[in-house]
Amino acid sequence: MALNRRLQSADSRDTLIRRAEEITPLPAKPGKDVYTMNWIVNQHSYTAQRVFCIGRNYVEHIAELGNERPEQPVIFTKPATSLHPVSDPVIPLPRCGELPHYETEITVLVGKKGVPRTAEEAVSFIAGIGAGLDLTLRETQEKLLAHGLPWEICKGFDHSAPIGDFAPFSGTAETLAQLRFTGEINGELRQQGDSAKMIYSIPELLLAVARYWELLPGDVLFTGTPKGVGALAPGDRLRITDPAGRAFEWRLAER
Ligand code: ZN
């Protein structure tokens, strides 16, 4: 109500418009269109819906960032427009000017709509398994964390989720507990992940997400990063291998 009253005064309205202009800087660097992602897995077409991400799911990674072990899965989201495909080999530098850190993670593609009630049921929701990068503006994240503020800007910016294609999945909970993947920067192995070391298994993560969101075909889950995360510099080459052994590569560069 108070805001409405203020908007009724033309003077105030002009002031508000002027202030909005002052606080909306032009992009420091030219933009690059974001993507609407679509995957074909087992002859089914999936358009990306929500991107759910998990924080703090590997003990050794929690230790390297000095965080606390969570009492339940730490869930956050990125917009679907943060996804960046393999077909575009250049990940543009964030417009805000801060350099991102990399986190290599197993990704899960949800194949059907509904709310799983058991771990076994959750497994049946998985259409594909792959790998991706959860790019993070770590300095901003630390500031936000210190003030208890939301993570969107440090996690969900454009092109913050480079993602490999999905391999069709028809395995079991046991299969999901033995997935290996790697992350290399400029040819140097930095991250070696194994889903056996997750605090919460992939079915448990889907159950945790489904407590709040009904799952939809095209939802993507990033399952958390193992240790070995680090900063990136312009020109860095990123290469990840997914649990099916396929490699995906990008370069971080100016557009
Ligand atoms: Zn992550």
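Selection of region 143-169 for residues being of a type outside the set (A, V, I, L, M, F, W, C) and over 30 Å from P89 (Cβ atoms) yields K143, H147, G148, P150.
Considering region 214-237, the residues that are within 15 Å of the ligand (Cβ to nearest atom) and in a loop (DSSP other than H, G, I, E, B) include one that is most open to solvent (accessible area, probe 1.4 Å), namely K227.
Determine, yes or no, whether R69 is closer than 24 Å to R190 by Cβ, part of a loop (DSSP other than H, G, I, E, B) and open to solvent by 50 Å² or more (accessible area, probe 1.4 Å). For R69, the condition - closer than 24 Å to R190 by Cβ, part of a loop (DSSP other than H, G, I, E, B) and open to solvent by 50 Å² or more (accessible area, probe 1.4 Å) - is met. Scan region 89-114 for residues that are among the hydrophobic types (A, V, I, L, M, F, W, C), over 21 Å from G183 (Cα atoms) and open to solvent by 50 Å² or more (accessible area, probe 1.4 Å) and the total you get is 1. Among residues that are among the basic types (K, R), surrounded by fewer than 22 Cβ atoms within 10 Å (Cβ to Cβ), under 22 Å from F157 (Cβ atoms) and within 16 Å of the ligand (Cβ to nearest atom), R56 is included.
Counting the residues of region 172-192 that are more than 23 Å from V86 (Cβ to Cβ) and in a loop (DSSP other than H, G, I, E, B) gives 3. Go through region 193-212 and report how many residues are surrounded by 17 or more Cβ atoms within 10 Å (Cβ to Cβ) and not in a helix (DSSP H, G or I). Residues meeting the conditions: 5.
The values are calculated or read from the model by the stated rules, or taken from the named source; none is laboratory data. The structure presented is a predicted model; accordingly, all values stated were derived computationally and were not measured. Cβ atoms come from the backbone with ideal geometry, glycine included; neighbour counts cover every protein chain shown. Note: areas computed on protein heavy atoms with side chains; ligands, DNA, RNA excluded. Shrake-Rupley method; radii C 1.70, N 1.55, O 1.52, S 1.80 Å.
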